[in-house]
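K.L.:
Shown below is the structure under consideration.
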Amino acid sequence: MLNLARRLSVSPVSFKKKLASLGLNGTQNVIVHSSLKSFGTLEGGVGTLLDGLETATATLVAPAFSYQTLLRGPDSPIHAQFERATRVSRDIGRLAQVMVERPDAKRSSHPALSFVALGEQAEEVLDRQTLANPYAPIGALYDLGGFALLAGVDHSSDTSIHYGEYLAGMPLLTRYLPQDGRVTACSFPNCSADFERLAPYVHPVTAYAGRSKLRLFQVRELVDATVRLLQQDPEALLCTYPSCRCQQVRQMVRQGGLKPRRHAGEVESALLNHSAGAQG
């Protein structure tokens, strides 16, 4: 039993080798979704996870969502303001909280759906986010040729798919948040419980670190595959739980269909081209 336990234990050196086997060499911009428990025993815990990922990437991004800030409605009393140090919701995972606690990390200002980032392109990635387009940091990674790493989790944790839904034109719900001392409306997506349905349409590089399955995807492939799938079947990624907000989105889809949106990078490119043409 002792030898078996040793084989299932993942050392810091071993973890870095596994990341290298995926092709990560310190030059890539990566969003990570992880489960620390999935490794079995990761020596050094979340510190090893963060150190390995930071070494293997140029920019490391993670969702740092704080659902506790959501309000019941537009007339709800404000019970908490979002701050740079607001705790990450427990179901997002320990890694994002540790990143938020790093003084050199950048965190976007969305009160419920913030992202946290370390590294070269941190500000460029996070600055894309708006209340109307909360998953726009994925669009920035799309433009940077970035990657999404699922470490011991499935696509139900994969925020890149939400950005694909946004571009495909999935209806967004309205939720309410505290911002600058007042209640503000923001866009909010359907749930992600059935996102694993996308798995047959994307092709990751895979490795195992202990018990944790590491899957590395191109963000562009994830987003584009999501758009194609929803063009064929707009309800393909909506869950069937009767009490889930997906049912409200399903009714909206059936009533109004999809209304495709432009990728933020396309808009910026068009503006730059127009400006260059005007100067010429």
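K.L.:
What is the sum of charges around Leu216, taking Lys and Arg as +1, Asp and Glu as -1, for the other residues whose C-beta is under 15 Å from the C-beta of Leu216?
P.N.:
Neighbourhood net charge equals +3.
K.L.:
Follow-up. If the viscosity is 0.692 mPa s and the temperature 37 °C, what translational diffusion coefficient in µm²/s does Stokes-Einstein give for the chain when Rh comes from Kirkwood over Cα pairs?
P.N.:
The diffusion coefficient I find is 166 µm²/s.
K.L.:
Let me ask another. Can you give the percent of C-alpha pairs in segment 114-268 whose distance is more than 21 Å?
P.N.:
The answer is 48 percent, as a whole percent.
K.L.:
Residues in segment 67-92, backbone N under 20 Å from the label point at Val46 (7 Å along the Cα-to-beta-carbon vector): list them, ranges by number please.
P.N.:
Only 67-69, 82-92 pass the distance filter.
K.L.:
Further, regarding this structure: Per 5 Å bin, what percent of the C-alpha pairs of segment 204-253 does each bin hold, from zero upward?
P.N.:
In order of increasing distance, the bins hold 5, 17, 16, 14, 16, 15, 12, 5, 1 percent.
K.L.:
Here's something else I'd like to know. Test of understanding: what is the full-extension gain from Arg254 to Leu173, defined as 0.36 nm times their sequence separation minus their Cα-Cα distance?
P.N.:
27.7 nm
K.L.:
Related question: What number results when the radius of gyration of segment 1-100, computed over Cα atoms, is divided by 2.2 N^0.38 Å?
P.N.:
Rg over 2.2 N^0.38 Å, computed on Cα atoms: 1.37.
K.L.:
Moving on to the next point. Estimate the FRET efficiency between Asp224 and Asp154 by the formula 1/(1 + (r/R0)^6), using the beta-carbon distance for r and 25 Å for R0, to the nearest 0.05.
P.N.:
With a Förster radius of 25 Å, E is 0.80.
K.L.:
Check which residues have an amide H placed less than 5 Å from Leu42's amide H, if you skip close sequence neighbours.
P.N.:
Distant-sequence amide H within range of Leu42: Val10.
K.L.:
If each residue of separation counts as 0.36 nm, what is the full-extension length gain between Asp233 and Asp127 once their alpha-carbon separation is subtracted?
P.N.:
Result for the pair: 35.0 nm of gain on full extension.
K.L.:
Another question about this same structure. How big is D, in µm² s⁻¹, for segment 181-221 by Stokes-Einstein at 37 °C and 0.692 mPa s if Rh is the Kirkwood radius over C-alpha pairs?
P.N.:
This corresponds to a translational diffusion coefficient of 240 µm²/s.
K.L.:
Quick one: which residues, 5+ away or cross-chain, put their amide H under 5 Å from the amide H of Leu113? H built at 1.01 Å from N.
P.N.:
Amide H to amide H, under 5 Å and 5 or more residues apart or across chains, Leu113 pairs with Ser66.
K.L.:
Quickly work out the Lys213-to-Leu70 label distance, labels modelled 7 Å from Cα along the C-beta direction, and quote it in nm with one decimal.
P.N.:
Using points 7 Å along Cα→Cβ, the separation is 2.8 nm.
K.L.:
Turning to a different aspect of this structure: Using 23 Å as the Cα-Cα cut-off, could you pick out the over-long pairs in Lys18/Lys106; Lys106/Lys213; Lys37/Lys213; Lys16/Lys37?
P.N.:
Over 23 Å apart, Cα to Cα: Lys18/Lys106; Lys106/Lys213.
K.L.:
Using each residue's phi in segment 179-184, evaluate 6.51 cos²θ - 1.76 cosθ + 1.60 at θ = phi - 60° and report the 3J(HN,Hα) Karplus result to the nearest Hz, with x for Gly and Pro.
P.N.:
Listing the rounded values in order: 8, 6, x, 9, 7, 10 Hz.
Readers should treat all values here as calculations from the given coordinates under stated rules, not as data from a laboratory. Please read all numbers here as calculations on a predicted model, not as lab measurements. Here Cβ is always computed from backbone atoms with ideal geometry, including for glycine, and neighbour counts include all displayed protein chains.
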